[in-house]
1. Report ³J(HN,Hα) in whole Hz for each residue of the range 46-54, in order, from the Karplus equation J = 6.51 cos²θ - 1.76 cosθ + 1.60 where θ = phi - 60°; Gly and Pro get x.
2. Short version: ³J(HN,Hα) in whole Hz for each residue of the range 80-96, in order, from phi by Karplus 6.51 cos²θ - 1.76 cosθ + 1.60 (θ = phi - 60°), x for Gly and Pro, what are they?
3. Quick one: which residues, 5+ away or cross-chain, put their amide H under 5 Å from the amide H of residue 50? H built at 1.01 Å from N.
4. Take peptides 96-109, 13-26, 116-129 and line them up by average Cβ neighbours within 10 Å, highest first, as a rough protection proxy.
5. With each pseudo-label sitting 7 Å past Cα toward Cβ, what's the residue 97-residue 80 distance in nm, one decimal?
6. Using helices alone, what [θ] at 222 nm do you get for the chain, with -39,500 (n - 2.57) per DSSP H run of 4 or more residues, divided over all residues and rounded to the nearest 500?
7. Can you run phi through the Karplus equation (6.51, -1.76, 1.60; θ = phi - 60°) for the range 107-113 and list ³J(HN,Hα) in whole Hz, with x for Gly and Pro?
8. Against the globular-protein guess of 2.2 N^0.38 Å, express the Cα radius of gyration of the range 4-137 as a ratio, rounded to two decimals.
Amino acid sequence: MTRLWPAMAAAALAGVVGTLYLTYTHLAGAAVACFGGGGCEAVQASRFGFLQGVPLGYLGLGYYGTVLILVLLGWWMPNRRIPLLGLLLVLTPSGVLFSGYLVVVQRLVLDDFCSWRLVPAAAAAALFGLTRAQVLRCPLR
């Protein structure tokens, strides 16, 4: 049962790193160093790069930071795993749905991709799958 916790932590950390970089570039006013063809500047500057005026990098950093803390607590505190998995079961579907929405927006509306926004989306999908696998190994009773 404990083998999935390190993988969950790695996925959450990938989300933190991706959103931390986007947050840094926004705060510093720096250009996003996009790998894989570019498009980051257009995506980040679009109206879809903000939610009620708040850059999505900030929101993602809060989300992935929270998930990382919950995962680390679950990994290090076996007696608290059931309630923590319950919280992760609520958080990870919302993360994967919102990330999926943003990927669709990048493709269909903006017709451009930002690789730094795809990293957190992949992390959200991995977290969702790993959380489901962890729950199947340790049913919530």
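All of the numbers you see were taken from the coordinates with simple rules; none came from a lab. None of these values were measured; they are calculated from a predicted model. When we count neighbours, we look across all protein chains shown, and the Cβ atoms used for this are built from the backbone with ideal geometry, even at glycine.
1. Karplus values, whole Hz, x for Gly and Pro: 6, 5, 7, x, 9, 10, 6, x, 9.
2. 10, 5, 4, x, 5, 4, x, 5, 5, 5, 7, 6, 5, x, 5, x, 6
3. Long-range HN contacts for residue 50: 56.
4. On the way: 96-109: 15.3, 13-26: 19.7, 116-129: 22.3.
Peptide ranking by packing, descending: 116-129, 13-26, 96-109.
5. Here the modelled spin labels are 2.7 nm apart.
6. Working: 5 runs with 99 residues, N = 141.
Mean residue ellipticity at 222 nm (helix-derived): -24000 deg cm²/dmol.
7. Once θ is set to phi - 60°, the couplings for the range 107-113 become 7, 8, 9, 8, 6, 7, 10 Hz.
8. Values: Rg = 15.2 Å, N = 134, 2.2 N^0.38 = 14.1 Å.
Working it through for the range 4-137, the quotient is 1.07.
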